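Any read-out appearing in this document is the output of simple, stated calculations on the displayed coordinates, not a laboratory observation. From a predicted model like this one, the values you see are computed outputs, not experimental measurements. We place every Cβ from the backbone using ideal geometry, glycine too, and count neighbours over all the protein chains shown.
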Amino acid sequence: MLENTQKNLYIATFGCQMNEYDSKRMEQILYPEYVRVDNPDLADLILVNTCSIREKAEHKVYSLVGRFKSLKRRKPELIIGVGGCVAQQEGERLLKKLPHLDLVFGPQGIYRLPEAIKKIEQGQGPVICTEMVDSFDIPPVDSPMPTPSPVKAFVTIMQGCDNFCTYCVVPYVRGREVSRPKDDILKEVKALVDSGVKDITLLGQNVNSYGKKRGDGTTFSQLLIEVSKIAGVERLRFTTSHPKDFTDDVIDAMCSGLPICDHLHLPVQSGSNSVLERMNRRYTREKYLDIVEKVRSRLPEISITTDIIVGFPGETHEDFEDTLRLIKEVQYDQIFAFKYSPRPYTKAATFSDQLDETLKKERLSAVIELQKEIGLKRLSRFEGRVVKVLVETENPSRQGELIARTTGNHVVNLCGSPDLIGQTIEVVVERACYHSLRGRIK
């Protein structure tokens with residue numbers, strides 16, 4: 001009888017959708033030698049995929065990895081690795097802060113994981129894989145996905161960023177912008193659809209600049225159209241768009257009758273032109289509002305969401321009022337609002353006019369309260385209407401309840417059988433809540 005040589009892999013993921021995608025890639029690359037488990041106590045290999053966009057997320061990483069120290073004492077052969085943006089940012093310093101680590105790897109180091117783990121198993125650890133090259137191309141991974149999502153999946157179309165917003169660490173930890181070859185993306189989407197996935201989200205720090213540096217002539221709107229024509233793609237989403245690169249041909253694609261969802265995440269960050277300039281966003285409030293007007297004139301039912309940073313260095317009372325006025329004017333379906341957090345390497349961290357934490361908290365609370373009122377009003381328009389939703393999963397906190405989603409990215413909670421997961425059904429919306437809808441099957 002053959003001995004079972006499979007080992008257990010535990011992955012903890014912090015941060016954005018791109019990190020979720022990267023964690024899936026790690027699982028895929030390490031399979032079948034390692035099989036993913038949900039309990040770190042059972043693991044032979046623990047990987048923590050980190051986020052450094054905000055200081056709070058970074059602190060959570062140190063706290064979690066510190067707790068794994070006791071596991072290492074009980075099981076010395078356990079391999080513990082930290083990857084992602086904090087790993088890229090801190091590099092060898094992580095080993096000094098967390099001496100029980102065996103492996104530190106950045107976003108580009110994901111594809112060297114098998115080689116790095118082999119070295120550790122041979123007693124050559126700790127290993128650091130944080131070398132970053134501008135010419136990096138995301139390699140295709142042809143091995144099967146061990147645990148494919150039954151309904152939805154993310155697909156990265158590009159990595160890194162060339163924008164260098166003064167508050168953002170991404171170009172320093174994910175590198176310069178690199179677009180994947182179109183054929184690799186189409187192949188990955190086809191494989192996901194063949195495994196049963198129906199809802200695809202294309203990911204990039206700035207999807208609108210996809211292909212500009214590849215030189216093969218493929219634009220983001222062309223990619224959207226080609227992906228949406230793949231048989232089995234029922235819903236196609238994308239994030240994140242940058243207002244400075246958002247073009248009319250993307251609106252054309254969204255209006256083409258193809259299964260491109262009526263949702264646009266368009267981060268504004270601030271409603272003040274002076275703050276936008278200091279952020280190096282390279283668009284104005286007026287340019288942003290012009291995009292919103294164009295999109296809504298052609299897609300009146302579209303859901304528009306955004307990111308807001310409050311308390312950016314030098315933000316005056318009038319600057320903040322400009323942001324509140326913009327929120328009221330646009331009437332977002334949802335806002336992701338954050339306090340400004342100084343990040344290593346970024347220009348804004350060196351600005352002398354940093355704001356007091358108390359003031360930042362007050363401004364964040366004001367944005368959240370305003371959006372609660374607007375968001376509820378926006379969601380109330382669905383009450384009494386019949387909407388088509390894709391059932392995604394069971395509600396883990398409410399027995400007998402399912403979680404579904406509209407094409408506009410609105411979450412709908414409803415009672416129903418788990419047999420409905422993966423199906424598109426019609427639902428009568430009974431009530432709007434602050435962040436979701438409640439409905440019943442028609």
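Write out the trypsin sites (Lys or Arg not before Pro) in the stretch 215-316 meeting two conditions: DSSP loop, and at most 15 other Cβ atoms within 10 Å of their Cβ. The partial results should precede the final answer.
Numbers: sites: 229, 235, 237, 244, 278, 281, 282, 285, 287, 294, 296, 298; in loops: 229, 281, 282.
Here the trypsin sites (Lys or Arg not before Pro) that fit, given the DSSP loop and packing criteria, are 229, 282.
What are the aspartates and glutamates whose alpha-carbon lies under 13 Å from the alpha-carbon of residue 442, with same-chain residues fewer than 8 places away excluded?
Residue 442 reaches 426, 430.
Please report the Cα spread of the stretch 386-441 along all three principal axes, rounded to whole Å, starting with the longest.
23, 22, 17
Convex hull over the alpha-carbon atoms of the chain: what's its volume per residue in Å³?
Numbers: hull volume 71.9 nm³, N = 442.
For the chain, the hull spanned by Cα atoms encloses 163 Å³ per residue.
I'd like to compare 248-259, 87-98, 174-185, 150-161: which one has the highest average count of other Cβ atoms within 10 Å, and what's the full order after that? Let's see the in-between values first.
On the way: 248-259: 15.9, 87-98: 17.7, 174-185: 19.4, 150-161: 21.4.
The packing order, highest mean first, is 150-161, 174-185, 87-98, 248-259.
Report the gain in length on full extension from residue 349 to residue 256: 0.36 nm times residue separation, minus Cα-Cα distance, nm rounded to one decimal. The partial results should precede the final answer.
Numbers: separation 93, 0.36 × 93 = 33.48 nm, distance 4.33 nm.
Gain on extension, residue 349 to residue 256, equals 29.2 nm.
Convex hull over the Cα atoms of the stretch 152-380, averaged projected area in nm²? Let's see the in-between values first.
Working: hull surface 51.1 nm².
Its Cα hull, projected and averaged over all orientations, spans 12.8 nm².
Please identify the DSSP H helices in the chain that span no less than 30 Å along the helix axis (Cα) and have a mean Kyte-Doolittle hydropathy of -1.0 or more. Display every interim value, and only then the final one.
On the way: long enough: 357-380 (34 Å, -0.45).
Span-like helices in the chain: 357-380.
Using Cα pairs under 8 angstrom and six or more residues apart, how large is the relative contact order of the stretch 152-380, in percent?
18
Between 155, 178, 371, whose Cα lies farthest towards the positive end of the dipole of the chain when Lys and Arg beta carbons carry +1 and Asp and Glu beta carbons carry -1, centred on the Cα centre?
Toward the positive end, the furthest listed residue is 371.
Do you know the Lys pair count in the stretch 305-428 for C-alpha distances under 23 Å, with sequence separation 8 or more or different chains?
14
Provide the FRET efficiency to the nearest 0.05 for the residue 112-residue 20 pair, computing r from the beta carbons and using R0 = 22 Å.
Calculated transfer efficiency: 0.60.
Quick one: putting +1 on the C-beta of Lys and Arg, -1 on the C-beta of Asp and Glu, what dipole do you get for the chain around its Cα centre, in Debye to the nearest 20? Spell out each step's value before the answer.
Working: 62 positive and 61 negative charges, 121 e Å.
Dipole magnitude for the chain comes out near 580 debye.
Show me the ranking of peptides 132-140, 385-393 by mean Cβ neighbours inside 10 Å, starting with the highest. Spell out each step's value before the answer.
Values: 132-140: 13.4, 385-393: 17.7.
So the peptides 132-140, 385-393, ranked by packing, come out 385-393, 132-140.
Give 24/213; 182/244; 24/182; 56/213 a once-over and call out the pairs whose C-alpha atoms are over 31 Å from each other.
Details: 24/213 26 Å; 182/244 23 Å; 24/182 20 Å; 56/213 34 Å.
Among 24/213; 182/244; 24/182; 56/213, the Cα-Cα distance tops 31 Å for 56/213.
Can you give the Rg to Rh ratio for the stretch 243-330, taking only C-alpha atoms and Rh from Kirkwood?
Values: Rg = 13.9 Å, Rh = 13.8 Å.
With Rg and the Kirkwood Rh in hand, the quotient comes to 1.01.
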